[in-house]
Number of protein chains: 4
Amino acid sequence: MPRADGRLEFARAWAAGSAYYRRMGIAVQGLEEGQSRLRLLAEEHHLNSDGILHGGVLPALADAAMGTAARTVHGAAAQLLTSESNIRYLRPAAGGEILALGRVVKAGRTLIVTEAEMSDAEGALLAKAGATFVVRAVGDDA
Amino acid sequence: MPRADGRLEFARAWAAGSAYYRRMGIAVQGLEEGQSRLRLLAEEHHLNSDGILHGGVLPALADAAMGTAARTVHGAAAQLLTSESNIRYLRPAAGGEILALGRVVKAGRTLIVTEAEMSDAEGALLAKAGATFVVRAVGDDA
Amino acid sequence: MPRADGRLEFARAWAAGSAYYRRMGIAVQGLEEGQSRLRLLAEEHHLNSDGILHGGVLPALADAAMGTAARTVHGAAAQLLTSESNIRYLRPAAGGEILALGRVVKAGRTLIVTEAEMSDAEGALLAKAGATFVVRAVGDDA
Amino acid sequence: MPRADGRLEFARAWAAGSAYYRRMGIAVQGLEEGQSRLRLLAEEHHLNSDGILHGGVLPALADAAMGTAARTVHGAAAQLLTSESNIRYLRPAAGGEILALGRVVKAGRTLIVTEAEMSDAEGALLAKAGATFVVRAVGDDA
């Protein structure tokens, strides 16, 4: 197994190299083993016709936060695929900065279970999500 | 209650006016009462660093398909907010055309329950999703 | 891999030998490859203090229906553990006969994704559920 | 709105009067506003044919814990119906005492969002669940 530093560095580079994150306006703000902190700046194009954050934005941010947290577990040694996820919305959001905290709840050999909380700039909780990732070994990253 | 045509037209216009749909490359292909058919063309920016569709793309597409189907129920007479959703991924996707079929399972006074299936251009089922929407009356659209 | 008959027989015997199914009043009515049909007779002790079926009854029935359908895939060759499940309630139930149809949506090497629909004796849809099962090989049943 | 004591007392009496809780071996151990602590003694009849806790037991316990926590919010003033729930299993359980902590995450006018954690007697986390309850006013309980 690689050193924690190597795994965090992998997770960070993986996120930084993602065209999807850039397109969505998602950036990694912090990483620890089993944890991530991401930021999305909700702009005009994230909003619905009625000015509320589109229902698809927070699931995407949540998946990014949980996937990034999960990638700190195995680093480059495994490919992770989202198996399933769910989200519950607690209050509507209408733009501005959104923070997501991702966390590994249980890291098994074949499955990693994670959670994420999304809040606005004032710290109000917007949504809670959970996901399961499937671990696929891709050879040793040594 | 408005005529079905008015409600379908509202749902169509609502989707067409969405900056988020445009940004995500989502277009409505068909609408019936309680049903929607959406299309996303998965491009470079929808993919993860490992060439697989990012875990956040299909939840966003699913939410769009389910929300559009749900908007055919009340039309302009109600604002819909996603209350919760979940998704299960059945096989990885790697770009190209993705179709989403959204369907209303149960339309109640305060909640609308929906489902969506996402498939690739060859018709292979990629993911199945479900969601609950909260109905908020916004005055009669008569 | 065993013949389909052997796998159906295993799934049937597995359910018939379950003290939990007996306690809950759950019986298998029909089995095909990848499908199950279960029946629960909702009695006094399945009801809440307000006469409505307790929120825990249908998830238990759904898990039984989905697990039984999933057990027709590998038969005795694999142990199945529920990894995650969800359920959406469409209308309240108040006793009587409840039918559950379980179905395998995707049978992979390590995960089996399933769905179930629960309806009352008049055929009204009560709830829809989904679940993922983890497959653990337990030796060949040949 | 009733005093907190009245609401806790209602939630406690509601659980104590439940034939389903008795049948399942579920007892309320503690209640605070927005929180519950329940206990289930897993016996032979809660187990699968392979000696593992049946997949339907923890969803039932979770629903009880979350419903009891949610009932401390409105007391007798509202009827609560489970709208949807999900659960993720973290490790298999094989009998003995199981504790469930239920917690209200967000209490809205029409929806109450809750969570629950289930652990064994040694404190090992077995599963995490979430649920949404629909609030139906039933008159003032004054």
Practice item. Hey, could you check segment B:21-32 for residues that are more than 12 Å from B:A64 (Cα to Cα) and free of Cβ contacts under 8 Å to residues at least 40 places away in the same chain and say which is farthest from the chain's Cα centre (by Cα)? Key: B:R23
Review point. So is D:R12 in a helix (DSSP H, G or I), more than 11 Å from every other protein chain (Cβ to nearest Cβ), surrounded by 17 or more Cβ atoms within 10 Å (Cβ to Cβ) and within 13 Å of the chain's Cα centre (by Cα) or not?
Key: yes
Point to revise | Condition met for C:A116 (in a strand (DSSP E or B), within 17 Å of C:G34 (Cα to Cα), within 14 Å of chain D (Cβ to nearest Cβ) and open to solvent by less than 30 Å² (accessible area, probe 1.4 Å)) | key: yes
Review point. Do the conditions hold for D:D63, that is, is it touching a residue at least 60 places away in the same chain (Cβ under 8 Å), at the interface with chain C (Cβ under 10 Å from one of its Cβ atoms) and within 30 Å of C:V134 (Cα to Cα)?
Key: yes
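Residue-by-condition table, conditions (1) among the aliphatic types (A, V, I, L, M); (2) more than 19 Å from C:G55 (Cα to Cα); (3) assigned to a loop (DSSP other than H, G, I, E, B):
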| position | (1), (2), (3) |
| --- | --- |
| D:Y21 | no, no, no |
| D:L38 | yes, no, no |
| D:G55 | no, no, yes |
| D:A60 | yes, no, no |
| D:A64 | yes, no, no |
Study note, to complete from the structure: Screening D:Q35, D:Q29 for residues that are open to solvent by 30 Å² or more (accessible area, probe 1.4 Å) and in contact with a Gly (Cβ under 9 Å, 6 or more places away or on another chain) leaves only D:Q35
Review point. Within segment D:27-53, can you find the residues that are touching a Lys or Arg at 6+ places or on another chain (Cβ under 7 Å) and facing chain C (nearest Cβ under 10 Å)?
Key: D:H45
Review point. What number goes with the only condition from (1) touching a Phe, Trp or Tyr at 6+ places or on another chain (Cβ under 9 Å); (2) more than 25 Å from C:T114 (Cβ to Cβ); (3) open to solvent by less than 10 Å² (accessible area, probe 1.4 Å) that D:A69 does not pass?
Key: (1)
Review point. What are the residues in segment D:54-100 that are more than 24 Å from D:G123 (Cα to Cα), acidic (D, E) and in contact with a Gly (Cβ under 7 Å, 6 or more places away or on another chain), if any?
Key: none
Point to revise | Condition met for C:S18 (surrounded by fewer than 24 Cβ atoms within 10 Å (Cβ to Cβ) and closer than 30 Å to D:F10 by Cβ) | key: no
Review point. Only one of D:G56, D:G75 is more than 12 Å from chain C (Cβ to nearest Cβ), at pLDDT below 95, buried (at least 19 other Cβ atoms within 10 Å of the Cβ) and under 16 Å from the mean Cα position of the chain (by Cα); which?
Key: D:G75
Exercise for review: Among the numbered conditions (1) free of Cβ contacts under 8 Å to residues at least 24 places away in the same chain; (2) open to solvent by less than 10 Å² (accessible area, probe 1.4 Å), tell me where D:E122 comes up short.
Suggested key: (2)
Point to revise | Which numbered condition A:T110 misses (of (1) more than 8 Å from every other protein chain (Cβ to nearest Cβ); (2) surrounded by fewer than 24 Cβ atoms within 10 Å (Cβ to Cβ); (3) of a type in the set (S, T, Y)) | key: (1)
Review point. Residues of segment B:84-107 being open to solvent by 10 Å² or more (accessible area, probe 1.4 Å), modelled with pLDDT of 95 or more and within 13 Å of chain A (Cβ to nearest Cβ), which ones?
Key: B:S85, B:N86, B:R88, B:Y89, B:L90
Check your understanding: Would you call A:L81 open to solvent by less than 40 Å² (accessible area, probe 1.4 Å) and either of a type in the set (A, V, I, L, M) or outside any helix (DSSP H, G or I) (or both)?
Key -> yes
Practice item. Inspect all residues belonging to segment C:88-100 and state whether any of them is out of contact with any helix residue (DSSP H, G or I) (no Cβ under 9 Å at 6 or more places or on another chain), within 25 Å of D:L90 (Cα to Cα) and assigned to a strand (DSSP E or B). Key: yes
Review point. Where residues in segment A:40-51 are surrounded by fewer than 17 Cβ atoms within 10 Å (Cβ to Cβ) and at pLDDT 85 or above, which of them is nearest to B:H54 (Cα to Cα)?
Key: A:L41
Check your understanding: What do you reckon, is D:I112 of a type in the set (A, V, I, L, M, F, W, C), at pLDDT 95 or above, more than 20 Å from C:D63 (Cβ to Cβ) and out of contact with any His (no Cβ under 8 Å at 6 or more places or on another chain)?
Key -> yes
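The values are calculated or read from the model by the stated rules, or taken from the named source; none is laboratory data. Since we're looking at a predicted model, the values are computed, not measured. Cβ sites come from the backbone with ideal geometry, for glycine too, and all protein chains shown count toward neighbours. The protein model used for the area step is the full one, side chains on, heavy atoms only, and it has no ligands, DNA or RNA in it. Shrake-Rupley method; radii C 1.70, N 1.55, O 1.52, S 1.80 Å.
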